[in-house]
Structure formats: structure tokens, C-alpha cells
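In what follows, a structure is listed as C-alpha cells, so that the remarks can point back to it.
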């Protein structure tokens, strides 16, 4: 997935001006609300504009949740609170290349944090779709909380009708709007949240370090000739992978299993880094120790 921010995409699509982006960023930093939602609240864009811009820029299809019946097997894979926190909704399970994927409707498909946590907890690859925020929250209310929600009609004006008994709208799913904490400012890995150019923190540097070591690990695995000698490669793999066997209770039987375990390991490292449970020194020391051990054996 492209490592771009919502503001950059909207500018590229000419959906907003530079002045509107700057005003949105200023309000976003004060409120802690996501930039897309802030721009919508300011009247700079509509939900439909945001969804269209993301769909076109990222090459992701849009999904009409109001006209889509989700698969309950998919709905049960994620918790309501997680969906509310990240403004997303699981739609279906699909098979691509013989592997199952979880189709997820997202108001912010650039939210890499949510995607990585879903893939880590479910063990499935996420296939994102773009959906307007109101339809995502409506689906959460309808299918998780059993609250009837009328189909959204914000995109077109409602025809004039005789006076009738007003119908109360379902309460929206909201997140706290307290000022962002220092931890929120650090989480540059949450794509879609804007940071001033050049700003670096301990966690952003750790995130880059983790990604660099992940790439090194992939290159080493590719150079080791796993495809030619799968059993030997698996037998020689140790250290971190042995720990992963114990952690996830899975046996390393083939190179695909090794790759899956390593993917989970790196996802776990990124999650720990974002939550402040891992420091640069701890990460570097542990990985260096593993490299020394494998070099001596």
C-alpha cells in the first residue's frame, strides 16, 4: 500500500486547496480527529469527495455498505470496539490465489496500523475497500449493535414532503476529541495522520529501523536458496523463528510457514513499537544477539 497521507492525495486529486489543507491540519492537531473527518467538518470536502479521491488515487474499489449484505463469518472476525476505533467494517471473506482474504470497508484505507493489526490477529491478508465514513458507522450500528439505520441520503437532496412525525436519527459512533497526547504525535506510522516535514521521534525512528531489518531478513531468506532446498533452509532457521514456534504454537514445515511466522513477527514488532513497549536499544540488541548466534553456529 502506498505510503502517502490523505492530505497529499486530496491535493493531487485537486479536491482541496493548499489553504484548506493548512486549515484542516491546524484543526486536526488541536482536536485529535482524523484529517479527513476534520476537512469534512470544515466543509472543505464531502464524504463522497473523500471516498472518490481515495478510490481513484489508491486504485481501490468503493463499496456501498447500504446496499451490501455482509458475511457474518467476516463480521465475527473483528470486534465492534476495534471497528469503531478505526472506522472500518468487515464485509466478506474471499479467496485469491488459493488463500483467504478479509475484505474490509475503510473510511481511511491508508490506516496501516489497523490493517497490520487485523492481519496479525486474524492471520488473513486484508483486501481494503473505500467507503464513506457515515456508511461505515451505519454498518457498525446495524450489524454489531442491532440499531436500525436509514440509508444515507446526504449525497442528494430529499424531496419536499408534508409535515410528519420526525424520526430520530441513530446516534453516531464517535471517538473522544480530547487534545492529542504526546503518544499520538509520535505515531507517524499511522498513515493518514499528518506530521510536519522532517519531524522524527524515537518511535518513528524505531519503526524505520524495524522495516529496514525486515527487508534485510527477506533478502537473506531469498539468498539462502529456500526454494531450492526448503527442508535445509527450515532446519537451519533458528533463533527468532524458534521463539515464534513457541509463541504461535505452529510447526515450521515448509518455507511458506517460515514466511508466515516471520510476517507475524515483524507485525508484532511494529505493534509493540507503536505502543511504546519496545525501545531502539532493546530491538537492536536482541536482533544483533540473534545474528551473532546464527553466525557462530
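Looking across the range 1-28, the residues that are touching a helix residue (DSSP H, G or I) at 6+ places or on another chain (Cβ under 7 Å), assigned to a loop (DSSP other than H, G, I, E, B) and over 19 Å from residue 105 (Cβ atoms) come down to 13, 15, 16. Restricted to the range 29-47, and to residues there that are more than 22 Å from residue 135 (Cβ to Cβ) and part of a helix (DSSP H, G or I), the residue that is farthest from the chain's Cα centre (by Cα) is 30. Note on the range 61-92: residues that are in a helix (DSSP H, G or I), surrounded by 17 or more Cβ atoms within 10 Å (Cβ to Cβ) and under 18 Å from the mean Cα position of the chain (by Cα) amount to 5.
Every number in this text was worked out from the coordinates using simple rules, so none of it is lab data. Everything numeric here is computed off the predicted structure, so don't read it as measured data. Every residue, glycine among them, receives a Cβ derived from its backbone with ideal geometry; neighbour counts consider all protein chains shown.
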